[in-house]
Amino acid sequence: MEPTRDCPLFGGAFSAILPPGAIDVSDLRPVPDNQEVFCHPVTDQSLIVELLELQAHVRGEAAARYHFEDVGGVQGARAVQVESVQPLSLENLAMRGCCQDAWFLSGKQQVAKENQQVAKNVMLHQALLRLPQYQTDLLLTFNQPPSDNRSLGPENLSCPPWSLGNFEQLVTSLTLHDPNIFGPQ
């Protein structure tokens, strides 16, 4: 199994520790410039790091809920359900020096994959890091669709499904190296 690795993001402006086996989706299809997207080599799990415009009109827990519902709208979710929202301790974040506040949200969204009619309940975990000095909300999302048991046969045990611990390591290790990514300040 491949060890976790510190990976450059957004052309080296950021870096973070990615879980084993993470595949850069931009090698497979176009990805918006404000996103870094990674998929698991066997499961349908994915990780997204997004630079978004600061939503100054929402604060605290409401900001985390706002982004969760916004993602649901973009994905055409038929139902969204927040299960929990908690503040993240800034002292555990590599970005503690520039992050004003941070939130962790878990919830479910009922979404259909591209070109499919059947919607499935997808578990989403999101970390929202608020960077008002850069007019940016940094949103990290871990998508955990229900597993289809066929993909987890013995031949695929070399890369087990990602865990919440893998996502937490991504969130806590995310480091800003070049603030110029946010444009002139």
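Structural remarks
- Extension gain for Asp178-Asn121 works out to 16.8 nm (0.36 nm per residue, less the C-alpha to C-alpha distance).
- Top of Leu88, Leu28, Leu129 by mean-square fluctuation, Gaussian network on the chain, Cα under 10 Å: Leu28
- 3J(HN,Hα) from dihedral phi, region 81-90, Karplus parametrisation 6.51/-1.76/1.60, rounded to Hz, x for glycine, proline: 9, 7, 9, 7, 9, 9, x, 9, 6, 4
- Amide H partners (placed H, <5 Å) of Gln55, local residues excluded: Asp137
- Region 72-99 and region 159-185 have Cα centres lying 13 Å from one another.
- For the chain, the longest principal axis of the C-alpha atoms and the axis of helix 61-74 are separated by about 50°.
- Angle between the chain longest axis and helix 164-173 axis [Cα atoms, degrees, rounded to 10]: 30
- Estimated at 0.36 nm per residue, the fully extended path between Glu83 and Arg59 surpasses their Cα-Cα distance by 6.8 nm.
- Site-free segments of the chain were taken between trypsin sites (Lys or Arg not before Pro) in DSSP loops having at most 15 other Cβ atoms within 10 Å, sites themselves excluded; the longest one is 114-185.
- Amide H to amide H distances under 5 Å link Asp101 with Arg130, where only residues 5 or more positions off or on other chains count and H is placed in the peptide plane.
- Separation of the Asn92 and Ile23 label points, Cα + 7 Å toward Cβ, nm: 3.1
- Residue by residue, region 138-146 carries 3J(HN,Hα) couplings of 9, 10, 10, 10, 10, 8, 10, x, x Hz when phi is fed to the Karplus relation 6.51 cos²θ - 1.76 cosθ + 1.60 (θ = phi - 60°); x denotes Gly or Pro.
All of the numbers you see were taken from the coordinates with simple rules; none came from a lab. From a predicted model like this one, the values you see are computed outputs, not experimental measurements. We place every Cβ from the backbone using ideal geometry, glycine too, and count neighbours over all the protein chains shown.
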